[in-house]
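> Handing you a structure now.
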Amino acid sequence: QAKRQGGGAHQTIDLRAAEEDHQRNALEQELRAAGSRGQLSLVYQPIVRMVDGSVVGAEALLRWTHPDQGAVPAATAIAVAERSGQITQVGEWVLARACRDWVAWHRRHPGRRLDLSVNVSARQLMAPQLPAAVARVLATAGMDPAALVLEVTEGVILEDNGRGMRVLHDLKTLGVRLALDDFGTGYCSLSYLQRFPVDIVKIDQTFVVGMGQDAVTSTIVSAVTRLAHELGMTVTAEGVETEAQCHEMREVGCDLAQGYLFAHPMSARDLVVRLA
Ligand code: C2E
Ligand code: MG
Ligand code: MG
Ligand code: MG
């Protein structure tokens, strides 16, 4: 009896694993065609200056509208792309689309500063040909490299120090800027700030949420901000949702912010309206 139950449970697990396998393979296949079927799009979340709330940039975020499943979370889409070796194509699609949108905004609002942030995953950064691809996309779109910010995570930097580091330096040579995304969620070592050629530090939402709630978080964020400033970096608060969080981040000297308090991610067209 017990043996049969055990066998049954085992079979259930196997079936679930097989089902998950099947779904994953299906997603991988569907992602291959998603671009040409118009299922991929980008939304942009405004990045504001803390002192006056003016929009000085926007972060491009991938959206995949699956015909049956609806909105696939960005993190899932990226994970599927990485696992199935499609990240280079997807990443280039994102970059090209975002640069074209930036050029369109720039035409509508010439002389106005608007930085474009684009996320780059760990796998993308491990490809030595990434800087050449970025250079090509920038040239094709006619975008000013100085307006482009590539967001990388600490993981990237830790995984393969030598290779990732070289790519980061090659990217800097192009004149683009680098942001350290989700700062504080990884190993959170302050020494990384000095070791890596980043221009912007993005304080992760988990820290922003703790601001004003517990003294330790406020002390850490304050110290990170001070150090980043001493190193000549800009500090951005991620996922700011409340006035209180905004106030606390401003108090510690944070420069820029993004979050639902200011704006949700929006279409390229809505961003143009917002800029007007
Ligand atoms: P991220 O780069 O840290 O992006 C910020 C995420 O926080 C976005 O989620 C954004 O919609 C969300 N967010 C913004 N403000 C708030 C807020 O006030 N509260 C809360 N709770 N969330 C907020 P999203 O769009 O689901 O993207 C998730 C992650 O997927 C991104 O995190 C990024 O790591 C990755 N990702 C998105 N698009 C791309 C892409 O084109 N390429 C790559 N490589 N990764 C991407
Ligand atoms: Mg980001
Ligand atoms: Mg982030
Ligand atoms: Mg994040």
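> Quick one: accessible surface of Trp105, probe radius 1.4 Å, all protein chains present, in square angstrom to the nearest 10.
Trp105 has an accessible surface of roughly 10 Å² with all protein chains in place.
> Does anything in segment 69-87 have its amide N under 15 Å from the 7 Å Cα→Cβ label point of Ser41, and if so which residues?
70-74
> Quick check: Cα centre of segment 177-246 to Cα centre of segment 79-132, how many Å?
23
> Something else now. Could you please state how large a percent of the accessible area of segment 138-270 is carbon and sulfur, counting protein chains only and using a 1.4 Å probe?
Exposed carbon and sulfur together represent 50 percent of the surface.
> Still on this model: Would you work out the relative contact order for the chain, in percent, from Cα pairs under 8 angstrom that are 6 or more residues apart?
Once normalised by length, the contact order is 18 percent.
> Looking at the chain, what % of its DSSP beta bridges pair antiparallel, to the nearest 5? It would help to have the intermediate numbers written out before the result.
Values: 15 of 37 bridges.
Percentage antiparallel, nearest 5: 40.
> Please work out how much length the chain gains when fully extended from His169 to Ala276, using 0.36 nm per residue of separation minus the C-alpha to C-alpha distance, in nm with one decimal.
Numbers: separation 107, 0.36 × 107 = 38.52 nm, distance 3.56 nm.
So the chain would gain 35.0 nm between His169 and Ala276.
> Related question: Please tell me the relative contact order of segment 139-251 in percent, rounded to the nearest whole number, where contacts are Cα pairs under 8 Å and at least six residues apart.
23
> Write down, largest first, the equivalent ellipsoid semi-axes of segment 19-81 in whole Å, where each equals the square root of 5 times an eigenvalue of the alpha-carbon gyration tensor.
They are 32, 12, 8 Å, listed from largest to smallest.
> Per residue of the chain, what 222 nm ellipticity follows from adding -39500 (n - 2.57) for every DSSP H run with n ≥ 4, rounded to the nearest 500?
Result for the chain: -16000 deg cm²/dmol, rounded to the nearest 500.
> Could I ask something else about it? Return the distance in nm (one decimal) between the two label points of a simple spin-label model at Arg108 and Leu190, each offset 7 Å from Cα along Cα→Cβ.
Spacing of the two 7 Å Cα→Cβ label points: 4.3 nm.
> Considering only protein heavy atoms, what per residue accessible area in square angstrom results for segment 144-276 with a 1.4 angstrom probe?
Working: 6090 Å² over 133 residues.
Computed with neighbouring chains in place, this is 46 Å² per residue.
> If you rank Tyr192, Tyr44 by how much accessible surface each has, with a 1.4 Å probe, what is the order from largest down?
Tyr192, Tyr44
> List every residue whose amide H lies under 5 Å from the amide H of Met266, counting only residues 5 or more places away in sequence or on a different chain, with H placed 1.01 Å from N in the peptide plane.
Amide H neighbours of Met266: Tyr44, Gln45.
The values are calculated or read from the model by the stated rules, or taken from the named source; none is laboratory data. Just so it is clear, the model here is predicted, and its values are computed rather than measured. Positions of Cβ are backbone-derived with ideal geometry, glycine not excepted, and every protein chain shown enters the neighbour counts. Just so you know, the surface numbers come from the protein's heavy atoms only, side chains and all, with ligands and any DNA or RNA stripped out. Shrake-Rupley method; radii C 1.70, N 1.55, O 1.52, S 1.80 Å.
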